[in-house]
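Accompanying notes for the structure given below.
Values quoted throughout were computed directly from the atomic coordinates according to the rules given, and no laboratory measurement underlies them. Predicted, not measured: the structure shown is a model, and the values here were computed from it. As a convention, Cβ positions derive from the backbone with ideal geometry for all residues, glycine included, and neighbour counts pool all protein chains shown.
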Ligand SMILES: *Cc1c(COP(=O)(O)O)cnc(C)c1O
């Protein structure tokens, strides 16, 4: 086995850097959700994080770790989603500059939000050009540091602070459910779980249409897929990372999937019963608990709600498709 990409000490160090910068988000509970599932659920609400998702944690930690010269030269990142806004905000907080490579057809609201945090946006043609190649070229030409959305030890360490706070606030857990895209959040949380509650089972949850993580675990190597068609836009990744995959393989007990319809039911539950807005990707872990995709009954279960960034109009349209105001008993 190769040296793991990150240790719990890296997560503790990241947590110290984030003190006073990232919110310590609340852990909410719901008697209705508990009755529905027969479990005791602890929701870690990163939908209340600054910029609306956990991604600020990793982005800030990664930029804070750069030396002053590299920080001053600036950051480049490619993303149409939460990573873009996280890098933009973190760069501003750390007196750096961010250049974000986004597809020309990205939602206007996301381009505007990224610019609103002070980043410069470079648009590219999603069908004709490779965003990674563009970002690398810009990094080289302008002396910028490329910070990827998940496959980076400092990003993973930052994301792991989410689970560290959850264990500190909720006490021992039997099971931890974490959304999975490229695996930055899951790998960081798994390292935190092993250190703080070694008997806790860790399960990652990905969209049914994007089950590359599950397939990768079975195959024993990273499996690549086409961009999956799912409403969970934060988990439309095509493959796990070279840093995240080994950590997930070694520390995560299982990966399960949920359907878009189940994500919608979970979002409707949070809006209707708990009065909180959770974006589709943010509802992955909760949907697994609500629809018994993971063995929650009789257990104390941590559920990471990873983000809340969804356009209100789209949110309304999505939850209108929900079959019932609360998901069926599982
Ligand atoms: C990015 C993102 C994820 C997936 O995180 P990874 O580190 O890529 O696995 C999950 N939820 C939300 C809200 C995200 O923005």
**Complete:** Residue pairs within 6 Å by beta carbon, gap of at least six or interchain, first lying in the stretch 174-203 and over 15 Å from residue 235 (Cβ atoms), second within 16 Å of the ligand (Cβ to nearest atom) and part of a loop (DSSP other than H, G, I, E, B), listed first then second, are 190/252; 191/6; 202/252
**Request:** Kindly establish whether residue 29 is buried (at least 19 other Cβ atoms within 10 Å of the Cβ) and more than 30 Å from residue 125 (Cβ to Cβ).
**Result:** no
**Asked** Can you spot a residue in the stretch 141-160 that is assigned to a helix (DSSP H, G or I), crowded, with 17+ Cβ neighbours inside 10 Å and touching a strand residue (DSSP E or B) at 6+ places or on another chain (Cβ under 9 Å)?
**Response** no
**Request:** Test residue 260 against the stated conditions and say whether it is surrounded by fewer than 20 Cβ atoms within 10 Å (Cβ to Cβ) and under 24 Å from residue 191 (Cβ atoms).
**Result:** no
**Request:** Pairs only if they're at least six apart or on different chains, beta carbon under 6 angstrom, first in the stretch 224-241 and farther than 19 Å from residue 127 by Cα, second more than 14 Å from the ligand (Cβ to nearest atom) and assigned to a helix (DSSP H, G or I); list them, first residue then second.
**Result:** 231/260
**Fill in**
So the helices (runs of 4 or more DSSP H) completely within the stretch 213-330 holding 2 or more residues that are within 13 Å of the ligand (Cβ to nearest atom) are 244-251, 260-273, 284-290
**Request:** Take residue 204 and decide whether it is within 17 Å of residue 315 (Cβ to Cβ) and touching a helix residue (DSSP H, G or I) at 6+ places or on another chain (Cβ under 7 Å).
**Result:** no
**Prompt:** Which one is farthest from the ligand (Cβ to nearest atom) among residues in the stretch 50-108 that are closer than 20 Å to residue 188 by Cα and more than 19 Å from the chain's Cα centre (by Cα)?
**Reply:** 66
**Asked** Looking at the stretch 174-204, which of its residues are under 19 Å from residue 283 (Cβ atoms) and either part of a loop (DSSP other than H, G, I, E, B) or away from the ligand (no atom under 16 Å from the Cβ) (or both)?
**Response** 175, 180, 181, 182, 183
**Prompt:** Out of all the residues in the stretch 211-220, which are free of Cβ contacts under 8 Å to residues at least 40 places away in the same chain and within 19 Å of residue 232 (Cα to Cα)?
**Reply:** 212, 215
**Request:** Could you check how many residues of the stretch 102-130 are in a helix (DSSP H, G or I) and crowded, with 18+ Cβ neighbours inside 10 Å?
**Result:** 4
